[in-house]
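Below is one structure, written out as structure tokens; comments come after it.
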Amino acid sequence: MVAVDRGRYTCLIASSGEKGRRRRKDRPEGAAMSGRVVVAMKARELGRKGIVVGDRVALVGDVSGAFDTLARVVRVEPRTSMLRRSADDVDGTDGIERPVVANADQLVIVTALADPPPRPRMIDRMLVAAFDADIDPLLCLTKPDLAPPDELVALYAPLGVPYVVAGKGGPLDDLKERLADRTSVFVGHSGVGKSTLVNALVPDANRAVSHVNAVTGRGRHTSTSAVALELPGGGWIIDTPGVRSFGLAHVSVETVLAGFPDLVEGTVECPKGCTHLGEGCALDAWVAAGHADPTRLVSLRRLLAGRESADDD
């Protein structure tokens, strides 16, 4: 599944013999793909089962890909991963999950070093989402001509999160190497240069780009829906609309803690229901005894605090 739009599902049937086939008029804007493109609707027997970009599905009916034809999605294959976020409600606590993409194995968190400035709480929450989905995170830092990356890189060094710096008009070799032969989903708030990166990686993607509002410091949403794009050198990227919040009400404390195996043993003596944020948490004594790096505990608590907060700024 490479795109979803108002009940229509754009699917790609890989076929090396059909590369170069004429683009369907109803192919989603910015979808650069090889193979046969088939537009489908969801079969009634699937009921309320959601289908998202990245899903692998079974089709029946007219799968010719001819203009104005519709196939039917009759089955969604088992997913290897699901990136989710909670609803963007006022307090972020309704716990209703919103699927973002399926079957990605890398989450590329795109953030500008300036204009707009980095939002560490947003990054933290996206990292938690990566832990929840069991996919690898990658920090992609843009606009290094406006500010150095050192401070932000140091903030995430204790977490061992890899990063690349992608400068405007500069080489993207490091990023391309990280993306090769993987399925990577790009996330970030508006104005960080995500769509610009996508257009540079996939020359015929034609994703709309925006500028940052000089008054609010925020970007305008330009990509309105997620779309999967095939990389020329192998692999896929899934571009998603810019986000201004990333709810995590569906993620448990245990899920976040699982991303810190060096601290898990230290929670054995914690009181029942410990949030690991307040007094009485056994992790303080565990770290003080030299069992783990203090910066790791600081990072864990920052992520846990971000999970509970509705403020992504």
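Just so it is clear, none of the values below were taken in a lab; they were calculated from the coordinates. Note that this is a predicted model, so its numbers are computed, not measured. In this analysis, Cβ positions are derived from the backbone assuming ideal geometry, glycine residues included, and neighbour counts consider all displayed protein chains.
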- prompt: Computed FRET efficiency, Cβ-Cβ of Ala66 and Asp181, R0 22 Å: what is it to the nearest 0.05?
  reply: 0.10
field: Packing-based exposure ordering (other Cβ within 10 Å, fewest first) of Cys270, Cys11
entry: Cys270, Cys11
statement: Taking Ile51, Ile135, Ile13 and counting other beta carbon atoms within 10 angstrom, the fewest-first order is Ile13, Ile51, Ile135
- prompt: So if R0 is 25 Å, what FRET efficiency would Glu265 and Asp136 give, r being the distance between their Cβ atoms, rounded to the nearest 0.05?
  reply: 0.55
